[in-house]
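Right, one structure below, let's go through it.
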Amino acid sequence: MNELLKRRRVELDELKQSGMNPYGYEYDVTGYSKSIITEFRDDDPPKRFRIAGRIISMRKMGKASFMHIQDRDGRIQLYLRKDVLHERYAVIKLLDIGDIIGVEGEVFRTKMGEVSIKADAFEILAKSLRPLPVVKERTTEDGAITRYDPFSDKELRYRQRYVDLIVNPDVRDVFIKRARIIKFIRNYLDTRGYLEVETPALQPVYGGAAARPFTTHHNALDMKLYLRIADELYLKRLIVGGYDGVYEIAKDFRNEGMDRNHNPEFTMLEFYVAYKDYKWMMDFVERMIADLVQHLHQTTEIPIGMHTIDFRPRWKRVTMSGAIKEHTGIDIETTDEDALRDAARQHGLELEPSAGAGKIIDKIFSEFVEPKLMQPTIVMDYPVSMSPLAKPHREKSGMVERFEVIVNGQEICNAFSELNDPVDQRARFEEQMNLRERGDEEAHVLDEDYLRALEYGMPPAAGLGVGIDRLTMLLTNQESIRDVILFPQMRPEGR
RNA sequence: GAGGCUGUAGCUCAGUCGGUAGAGCAUCUGCCUUUUAAGCAGGUGGUCGAUGGUUCGAGUCCAUCCAGCCUCACCA
């Protein structure tokens, strides 16, 4: 144990010997930093508050000391004087940055103009035994805060998120926004009469997406179970069951690589509405997201990365074939598979010989079109081979009624008119099983019970999936999914 | 899975040609009753990610491993 840790344990013992409990039981808080400061009026008679928080800076002088404590809303300065606290003042010597204290006193404004609390009593609520990487900072005249050498090591920040949250207020803010995003969506769907449901995370047959699952084992049933990769097939069973609109905000689990856009567990909104199609869903989702952005930022126009992005409806709508033609000159509607492959190769794409037309189109799109779509864009009408759960296009053969929303070069949602023809659905599943036999581990699995449900009859329906983590990244301007997940997956810590 | 970069004090980082390990902040001691990147003076603090190798001598060169980041591949 190093000197800093030893030192704090010595102080802990001294506190106990002095008769103070270094781990208090409760504190009756009557004020919070932010409101105390904003509501302070110089002409009013002094007000008293009890406030609790963590010490984040200290300036001890001989017979008086200043410190800042941080509570849930922000920071406030404390002023402690020996001639007020008397023998209690000696305890200040045993306080450290990181300790959590409760303080009672009058609010006043210092000579330098900072609203502060003049303490006449304090208690220790939790003695901190580890040094906190707090950092010097200065508020410049225009109100901007300059921080010196902030705690920035990503590995430490993710592994010890509690420390990150204490010392980096911006991080705390991201997760408050994340909560507001989820709450807004839930409220938006609830007030329109859609039912929030819960479906199994442990599934005997996984489905609803193309991905490799995590597996686990149920001891009592002695059976293999999968962690869900999507909730789609269960939610559509509920549409069969007669609910008009259902949604679920839930964790999905995919056993794939990790990078700045992928975490093995992530949060997905899935939403299904009976008697609607994908056109209806386009209108719905652009309205919902525009309202969400307005709610979060008080405007629909926000800076993201290098761009300013405007979420105000109506968003640009393009077909996949139109977008590809515009950005590459390739006409996928009049080009057969071999010619398509040649065209893709001419554009510099490397393709596996097994790649079919759908895969080639998808590759062309994600390589040459998607990165260029900065403003919210609805891209519609996808090849049927890429979308085994979507309904055939009512006009274009070989296509399905599906759309994605691309913002800042990234997909943020995926939606389609749901396939409700059980015979077609069975054929699509069988095609997927063929792919699986040829070694595609991510092909969809045939779900016999889901087919049985469709055979009873499912009304036409529109479905939507929104990756909440990526949406949060977008709306909080974060570059990595790890910055919007409190405890991202990490390799075990070496000791 | 492939390539590149990184790992030095609690935090943020220097460390030259291979020659006794440094700074700022934090921390400690003393002084200081409206300070605020408080100040002044003086200190403490290191398994240089791990293991092995080359060398008279390794933070520095080499190999292997661990962890993180980035790019690519894979992937809704």
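The values are calculated or read from the model by the stated rules, or taken from the named source; none is laboratory data. Everything numeric in this text was worked out from a predicted model, so none of it was measured. Cβ coordinates were reconstructed from backbone atoms using ideal geometry, including for glycine residues, and neighbour counts include every protein chain displayed.
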ask   = From the set of residues in the range A:58-73 that are more than 16 Å from A:K118 (Cα to Cα) and surrounded by fewer than 18 Cβ atoms within 10 Å (Cβ to Cβ), which is farthest from RNA strand B (Cβ to nearest atom)?
value = A:R72
query = In the range A:258-284, which residues are aromatic (F, W, Y) and over 16 Å from A:V405 (Cβ atoms)?
reply = A:F266, A:Y272, A:Y275
ask   = Got a number for residues in the range A:474-495 being without any contact (Cβ under 8 Å) to a residue 60 or more places away in the chain and closer than 17 Å to A:M258 by Cβ?
value = 2
remark   = The lone condition A:R394 fails out of (1) surrounded by 15 or more Cβ atoms within 10 Å (Cβ to Cβ); (2) out of contact with any helix residue (DSSP H, G or I) (no Cβ under 9 Å at 6 or more places or on another chain); (3) within 20 Å of A:V273 (Cβ to Cβ) is (1)
query = Name the residues in the range A:312-336 that are among the small types (G, A, S), more than 15 Å from A:P376 (Cα to Cα) and either surrounded by 13 or more Cβ atoms within 10 Å (Cβ to Cβ) or modelled with pLDDT of 95 or more (or both), would you?
reply = A:S321, A:G322
request  = Mind listing just one residue for me: the one in the range A:400-440 that is farther than 23 Å from A:I239 by Cβ and surrounded by 23 or more Cβ atoms within 10 Å (Cβ to Cβ) and, of those, nearest to RNA strand B (Cβ to nearest atom)?
outcome  = A:I406
Complete set of residues in the range A:1-13 that are in contact (Cβ under 8 Å) with a residue 60 or more places away in the chain and within 10 Å of RNA strand B (Cβ to nearest atom) = A:L4, A:L5, A:R8, A:E11
Qualifying positions in the range A:408-435 - at pLDDT below 95, touching a Leu at 6+ places or on another chain (Cβ under 7 Å) and aliphatic (A, V, I, L, M) = A:I412, A:M433
note = A:A344 fails exactly one of (1) at pLDDT 85 or above; (2) in a helix (DSSP H, G or I), namely (1)
ask   = Would a scan of the range A:144-152 turn up a residue that is of a type in the set (D, E) and modelled with pLDDT of 95 or more?
value = no
remark   = Scanning the range A:14-60 residue by residue, the ones that are under 25 Å from A:V107 (Cβ atoms) and without any contact (Cβ under 8 Å) to a residue 12 or more places away in the chain total 8
message = Please go through the range A:247-259 and give me each residue that is out of contact with any Phe, Trp or Tyr (no Cβ under 8 Å at 6 or more places or on another chain), in contact (Cβ under 8 Å) with a residue 24 or more places away in the chain and part of a loop (DSSP other than H, G, I, E, B), ordered by number.
response = A:E256, A:M258
message = Please determine whether any residue of the range A:144-163 is out of contact with any Ser or Thr (no Cβ under 7 Å at 6 or more places or on another chain), crowded, with 17+ Cβ neighbours inside 10 Å and hydroxyl-bearing (S, T, Y).
response = yes
inquiry  = For the range A:218-238, give me each residue that is surrounded by fewer than 24 Cβ atoms within 10 Å (Cβ to Cβ), within 20 Å of A:R426 (Cβ to Cβ) and of a type in the set (K, R).
reply    = A:R237
query = When both residues are 6+ apart or on different chains and their Cβ atoms are under 9 Å apart, which pairs have a first residue that lies in the range A:310-334 and is touching a residue at least 40 places away in the same chain (Cβ under 8 Å) and assigned to a helix (DSSP H, G or I), and a second that is among the hydroxyl-bearing types (S, T, Y) and surrounded by 14 or more Cβ atoms within 10 Å (Cβ to Cβ)?
reply = A:M320/A:Y382; A:A323/A:T377
ask   = Within the range A:93-138, restricting attention to residues that are in a loop (DSSP other than H, G, I, E, B) and of a type in the set (K, R), which residue is farthest from RNA strand B (Cβ to nearest atom)?
value = A:K127
